[in-house]
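The values are calculated or read from the model by the stated rules, or taken from the named source; none is laboratory data. Keep in mind the model is a prediction, meaning the values are calculated, not measured. Every residue, glycine as well, gets a Cβ built from its backbone with ideal geometry; the counts of neighbours run over all protein chains shown. These accessible areas exclude ligands, DNA and RNA; they are computed on the full protein's heavy atoms, side chains included. Shrake-Rupley method; radii C 1.70, N 1.55, O 1.52, S 1.80 Å.
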Amino acid sequence: MITVYQTPIAWGTPNLSPFCFKLEAYLRMTGLPYDVKLADLRNAPKGKVPYVEMDGLRMGDSQFIIEYLKKKHGDPLDKELTAEQVAVGHTVRRMLEECTYWYIVYMRWVDEPGWLAYRPVAETMVPWVVGGDIPVATLRQGMLRILHDQGTGRHTSEEVQALAIADLSAISTIMGKKKFLLSDSPTSYDAGLYSFLVSIIANPVDTEVKQFTLSQTNLVSYCARFKQRYFSNWTPPDMKAA
């Protein structure tokens, strides 16, 4: 059994962290048994979520975990991919995780409407995930510093949303009329793409990026198809702290 440690559930999604969500999607796609518990970042090997316990190991980073699982259990999702498809999938994944991700962070922590919607979620994370009695305003200031150092926090909301829309437009073009990102069959790269798209769509605040995503009919159909295939029987688990 694989135990996945992640952040609390909110907004009707399996997880608000696209990285936790990505890992759970991969586990569902491959049929590997798992359970979920609330994370405690003081126990996280890399100081972030998700992390897992399996085979007597504690391991962090969603992609490193997935690569470990591929080596241990085989690679049923990607074994038929061409070298070019792998290259495209890798490029899309890195764009989502290193660029689009920061729009999601910006939307939740910087924009005032987004922060007002996200603050109740952040407050639920303090006692379990972060540990201790830390004011949520202090967490926000820390995230604002991280965003500024990373670079996205130096832009206006309009500029950040334009960057995110460019990413999503590229993904929509790459997918075209295919059922999944790279072909008519799902691959591991779809685990990440689905988690990021849902992270944008599920946000209760109406943004230009959310509206653009909803306007891309192939992306909306893709999300519905993926959910029906892998999450149709999902119900919120009774997550307990570690």
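Some values worked out for this structure:
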quantity: Top-ranked residue in segment 1-55 [being in contact with an Asp or Glu (Cβ under 6 Å, 6 or more places away or on another chain) and in a loop (DSSP other than H, G, I, E, B); ranked as nearest to Ala224 (Cα to Cα)]; calculated: Pro14
quantity: Tyr106 being under 22 Å from Ala39 (Cβ atoms) and of a type outside the set (S, T, N, Q); calculated: no
quantity: Helices (runs of 4 or more DSSP H) (entirely within segment 124-205) containing at least 2 residues that are more than 20 Å from the chain's Cα centre (by Cα); calculated: 136-150, 157-175
quantity: Some residue of segment 181-189 being closer than 30 Å to Gly153 by Cβ, polar (S, T, N, Q) and surrounded by 14 or more Cβ atoms within 10 Å (Cβ to Cβ); calculated: no
quantity: Check on Thr187, farther than 21 Å from Tyr106 by Cβ, modelled with pLDDT of 95 or more and touching a Gly at 6+ places or on another chain (Cβ under 8 Å); calculated: yes
quantity: Members of segment 2-24 found to be farther than 19 Å from Asn233 by Cβ and of a type in the set (Ser, Thr, Tyr), listed by number; calculated: Thr3, Tyr5, Thr7, Ser17
quantity: Every residue from segment 197-218 that is over 30 Å from Pro33 (Cβ atoms), open to solvent by less than 70 Å² (accessible area, probe 1.4 Å) and either of a type in the set (Asp, Glu) or in contact (Cβ under 8 Å) with a residue 40 or more places away in the chain (or both); calculated: Asn203, Val205, Thr207, Val209, Phe212, Thr213, Gln216, Asn218
quantity: Condition check for Asp149: over 25 Å from Ile165 (Cα atoms) and either among the acidic types (Asp, Glu) or surrounded by fewer than 14 Cβ atoms within 10 Å (Cβ to Cβ) (or both); calculated: no
